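> Below: one structure in C-alpha cells.
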Amino acid sequence: MPPPSFSSQSTIQVHAPRGTIALLKDATQAVYTYLQKGSDGGAAWTALQALLADLHLDTDMSDPEWIHAPEPERSGTCESIAERLNVDLMDMHGGADVACMLRVVEQAAILLSPGRLIAHWAHALVFPALSQSHALSYADVARAHRLCVYMMLSVPLEVYDGVQDTHAFRTDVSPASDAALAFTQSVFMLYAEGPVPGRHPAVASLDTILSMYSETRPTPFLHHVALSLSPTCTHLLHALILFLQRHTMHTYRITSTCLLEQLLALLVTLDGATVVEEGIKCLVMILPHVPYWLSRPESNKLPALFRLYAHVVTVFVHANEHVRLLFSTVYGLFPGPFLWFLRAPDACLAHLGDTMPWDENDTLPLQRGSDIYLEHHLVHPQLAKHEPAPDEPAGRMWQHSDPADLLAMCQRLYVPTTSIPDRDVPLPMADESGDARLRSEWRFELYMREQLLMHIGCLHRDRIAGTAEEEQQQQLQDTNRMLRTQLQTLQAHMERQRAEVQAANARHMQWESELTTKLNTYRDERRGWMLRVQELEVELDKARSVTKSQADVISDLGARLFRADSDLQLAAPKFARLQKYDAAVHRLHGSLSEWEDKLTNMDVQRDEMNKLLWRFRAMELHVVNSERSARHYSEATERLSYDKAQLDRDVQVLRAQVAEQRERLQHLEALRWQQAVPPAPPAPDFDTVHALKSRNASLELELLECRSQLEKHAMDRAQGERRTHMTPALAESTLFSPNTLRTPQEPAVGDDVVPPLSLGPSAQ
C-alpha cells in the first residue's frame, strides 16, 4: 500500500512550487520502495539528494560538518516540505527495518530539522537503535550517534547564560530551544543513571555520544554534567574523567560553570566509596588548573574543599591512595591554609569566610586521619620561602605556573614507605562492573602519566639547556685562554714591528719631505702650463670664431655684390627714368608745400571762427532761454523738424558729391600711376590742381556748417525737453561736439570724412 502522500488531496495541501512537490513525491516513492520492498537504496539516496538540492529549500548537505553547522533561517516552503516528509516517514516507520530507517532519517535530517527529530524520532528510532546497538552494524550505530549529537547541538548557546549563578537553565527561550535543552539534559540524566535493562540505551553508546558532544561544546558539556550530578552518577564522573584526560586545554572552562561547586557539595554528602573515589580523581585532575580561582575570597570554594577533605578522611579510616592524592594536591597547592585547617578548622574556615558552623567532634578524627599522610610528606618549600599577606589569596603564587609542574610538585612532596600500601585496600564491589572501574582507573593513571611526562619533558629540556649552557661556557673559557696566549704573542710581535715601523717612518718622513718639495715645484710649473694652455685655447676659440664670421661676411658680400651687379645692369634704363621722375617730384613737392601752408592758415582761421561762433551761440542761448515761451518752443520744434529733414537731404547730397569726388580722385591717381610707366610723362596741370584744392576747401566749409546746424537743433531740442521736465541745466548743454572743434589733422572716427587731396607720394 503506497504512503498517503501520493493522494492528490494531500499533495495539494503542501504549499510549495510544483517542481519541489514533484521531487518530494519522487523521494517518498523511492524511500517507500527501499523500506517496504527491500530494494537497492541508491535510488532513494539520489531522490533525497535531489530534493535537498532544490533551490527553494534552505538545505545544504555538501558540508561534511553539517552536524555541527548552525541551523539557518528556514522559509515557509521548506517547513511545509519538511512537515509533509516527516508525516510520510512516520507512516512508513511501522514495519520498516531500524537500520534502513536510520539511513533514511540521517539523509533527511537537515531538512526535517532538530525540532522534528526530537519530537518524533528520538524515542521512536534513535533510543531503540542505541538499545539494540549490539544487533546493528558499526556504521548504523554511528548514524544513531550522529543523529543524537545533531539534536543535542541544536540548543542555542545563549540558553547557557547565567547557569553558573542560578544553577539552572534559562526559561525565557523558544519552545524549540526548550525542547532541545530538555532532550540534551535527558541524555545526560540517562547516562548518570546507568544502564537499565530493556528501557534505556546502552552506556557505551551514550559514552560515545557525550564524547562527541564534549569535543564540539565543552562549556555546555560541563554545565550539563554539573546539573546532572547525583549520588549514582558514577558513569557521569567517568565521562568527566575522560573529558579532562582528552581535553586538558578546556579544563579552565570549569571556572565559568558551577561544576566544581556542585561536585564538592555532592561528595560531602556521600559515604559510598566508589562515587567518592571517582570524584576525588576529578578533583585531582581539576585543582592544578584553577588554584588561584579556587582560593579567591569571593568564590568561597576553598572552605568547601577543606570540608570535603575532612569528610573523606573520616569516611576512609584506613590509608587510601585516592585520599592520599587529594591530600598531596591540596597540601601542595595551599600549604599554609591547609595546615592551619588541620590545626584549627573552625578558625581557618571563619577566616576564609565560611559561615557554616564546624562540629568540634570532627576535629580529632580529622587530625588523626591526616597524621597518617603528614608523616609521609615533606615540608613544603613555600612555607620557608614565602610568607603570604593576610589578604592575599593562597593560590596567587601559582597564578603563572603550568598545571603539569604543579601536579609534579605536589607528587614530589609524598615520600612512600612500606606502612602505606601502593594500592587501595580492597573494598566491597559496588553495583557497577569492574570493567568500567578499571577503565576509569586506567584513564586517571594515563592522565597522571601524561602530566608527569610533560613535567619530565620540561625538566629534561631545562637540563639539556643547562648542559648546553655549561658546555658553551667551558668552550668560552678555553677560547678565552687560547685567545689570551695569541694576544701575548701578537703583542710581542707588534712591539718588534712597532720598532721597525718607527725606523721606516723616519725614512719615509725624509722621503716625503723631498717628494713634497719636488711635487710642489711640479705643481707650480704645471699650474703655469695649465694657465698658458687655457689662455691659448681661449685665443684659439676667438680666432676661430672671427675667422668663421669673416668667412661668412665675405661669402655674403660676394653674393650681394654679384646680385647688385646683376640688378644694376638690369635697372640701368629704369634708373634713367627715375632721375627724370625725381625732377618732377621735386617740382610737385614745392607745390605741395605751398598748398600745406595755405591749409595751415585756413585751419587757424577756422579756429578763430569756431571761437566766435561759440561766443555767439552762448549769447544766443541766454537770450532764447529768457524770452521764448512754450508756444515758440512748439513752433520752433516743428520748424526745426522741417529744417532737419531739409538738412538731412542736403547732407545726403553732400555725401553723394563727396563720394563722387573721391571716385574722381581715385581715378586720377590710377591714371597717374598708369602714366608713370611711359618714358616721357606729361607735365601736371596746375590749374586743375588748384581748382580741386579750392573745391575741397569749400566742401569742407559746407560740411562744418551743416554739422554746426545739426548740433544746434539737437541742443535746442534737448533744452526744450529739460524745460518740460522743469530741470534746466544750461551748463550741461554742448554747443559743439569734439568732432566740430577738431582740426583737419584730427579725423573723427565714425563720421563722414572727406579725405584730403593727394597729389602723389612725397619725395624721399
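> Which one of MET212, MET249 is out of contact with any Lys or Arg (no Cβ under 7 Å at 6 or more places or on another chain), of a type in the set (A, V, I, L, M), touching a residue at least 60 places away in the same chain (Cβ under 8 Å) and part of a helix (DSSP H, G or I)?
When all the criteria are applied, what remains is MET212.
> I would also like to ask the following. Hey, can you tell me all the residues within the range 368-385 that are exposed (fewer than 15 other Cβ atoms within 10 Å of the Cβ) and not basic (Lys, Arg)?
Hits for the range 368-385 are ASP371, LEU374, GLU375, LEU378, VAL379, PRO381, LEU383, ALA384.
> Does the range 516-530 contain any residue that is modelled with pLDDT of 90 or more, surrounded by 10 or more Cβ atoms within 10 Å (Cβ to Cβ) and of a type in the set (Gly, Ala, Ser)?
yes
> Please find, among PRO195, PRO201, the residue that is at pLDDT below 80 and within 24 Å of ASP97 (Cα to Cα).
PRO201 is the lone residue from the list that is at pLDDT below 80 and within 24 Å of ASP97 (Cα to Cα).
> Take the conditions over 30 Å from LYS693 (Cβ atoms) and in contact with a Phe, Trp or Tyr (Cβ under 9 Å, 6 or more places away or on another chain) and apply them to LEU515. Does it pass?
Criteria not met by LEU515.
> Quick test of your reading of the structure: ASP391 fulfils all but one of (1) surrounded by fewer than 19 Cβ atoms within 10 Å (Cβ to Cβ); (2) at pLDDT 85 or above; (3) within 18 Å of LEU302 (Cβ to Cβ). Name the failing condition by number.
(2)
> I need the full set of residues from the range 599-629 which are small (Gly, Ala, Ser) and surrounded by 12 or more Cβ atoms within 10 Å (Cβ to Cβ), in order please.
The answer is ALA618, and nothing else.
> Starting from the range 602-629, keep only residues that are within 24 Å of LEU699 (Cβ to Cβ), then list their pairs with residues that are of a type in the set (A, V, I, L, M, F, W, C) and in a helix (DSSP H, G or I) whose Cβ atoms are within a distance under 8 Å, requiring at least 6 positions of separation or different chains.
Correct list of pairs: MET602/ALA697; ARG606/LEU704; ASN610/LEU741.
> Still on this structure, I have one more. Looking only at the range 281-295, decide whether some residue is part of a helix (DSSP H, G or I) and among the small types (Gly, Ala, Ser).
No, the range 281-295 has no match at all.
The values are calculated or read from the model by the stated rules, or taken from the named source; none is laboratory data. Worth saying up front: this structure is predicted, and the values here are computed from it rather than measured. All Cβ positions, even for glycine, are placed from backbone atoms using ideal geometry, and neighbour counts span all protein chains on display.
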